[in-house]
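The structure under discussion appears below in the form of structure tokens.
Each reported figure results from applying straightforward, stated rules to the coordinates on display, with no laboratory input. Remember, it's a predicted structure, so these values are computed and weren't measured experimentally. So basically every Cβ, Gly included, is an ideal-geometry build from the backbone, and we count neighbours across all protein chains shown.
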Amino acid sequence: MSFNYRVAGYVKLAKLWEKNKEAALSYHKRYYKEKCDKIPGWILQGVYVDITGQKLIYKRPQMLHLLKACRNGEVDCIAAQTKAYLAANSEEFCYLLKFLSEMPGLIELVTEDEKYHINTIMNPEQQKEALEKMADDYVKLDEAKYKKWKEKILQGIQEL
């Protein structure tokens, strides 16, 4: 039995792309449509593109829309060309992983990084479990800090 994944593409672009916003949006929508069309079981739910100088997740409106869609059960998989699109640093990445793992539905991650290729659907070498452990271990270092971060995310989602 095969499973259909409702996939959302996510892209974070530098503020300088604001001048060519329409071209950037068109390109990335086409890119993810073609990608999903090539992979059996992938159904494109949407493409979320933040064109902002903001590195912090809770300050990126399209990322907040994406997280809301995940919470609402509309997305099963987040696809990004690079891990850096998802989070600008290790702390934010761990917090994002923890946040996604706390959702009622299972959210998969797929990136195309050569060096840090993530694919929790294929799950090579129990990658998903290793990422979840890394996130849990990191959050345990300062749970209060994660809770403050999470509150900012939830507030941002609520304000959409």
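Note on the chain: with a GNM built from Cα contacts shorter than 10 Å, the maximum mean-square fluctuation among 16, 56, 100 falls on 16.
Below 8 Å between Cα atoms, with a sequence gap of 6+, how large is the relative contact order for segment 5-158 in percent? Walk me through the intermediate numbers first.
Numbers: 218 pairs, mean separation 37.3, N = 154.
Reported relative contact order: 24 percent.
Can you list residues whose amide H is under 5 Å from residue 52's amide H, if they're 5+ apart or on another chain and H is modeled 1.01 Å from N? Close amide H contacts, sequence-distant or interchain: 13, 15.
Out of residues 5 or more away from residue 109 or on other chains, whose amide H comes under 5 Å of its own, with H placed 1.01 Å from N in the peptide plane? Those qualifying (amide H under 5 Å, at least 5 residues apart or on another chain) are 78, 120, 121. When the listed pairs 21/147; 38/98; 35/152; 29/152; 15/68; 21/150 are checked against a 25 Å cut-off, the alpha-carbon distance exceeds it for 21/147; 38/98; 35/152; 29/152; 21/150. Within the listed set 87, 144, 79, the Gaussian network model of the chain (springs between alpha-carbon atoms below 10 Å) gives the highest mean-square fluctuation for 144. For segment 49-133, GluC sites (Glu not before Pro) meeting the loop criterion (DSSP other than H, G, I, E, B) and having at most 13 other Cβ atoms within 10 Å: 102, 114. Seen from a random direction on average, the alpha-carbon convex hull of segment 1-115 projects onto 7.5 square nanometres. Of the chymotrypsin sites (Phe, Trp or Tyr not before Pro) found in segment 54-160, those in coil by DSSP whose Cβ has at most 11 other Cβ atoms within 10 Å are 116.
With both labels modelled 7 Å from their Cα along Cα-to-Cβ, the residue 103 to residue 130 distance reads 2.3 nm. When the chain is treated as a GNM with alpha-carbon contacts under 10 Å, the residue of 90, 101, 26 showing the greatest mean-square fluctuation is 26. Sorted fewest first by neighbouring Cβ atoms within 10 angstrom, 64, 131, 141, 25 come out as 141, 25, 131, 64. A cut-off of 5 Å between modelled amide H atoms, ignoring neighbours fewer than 5 places along the same chain, links residue 46 with 9.
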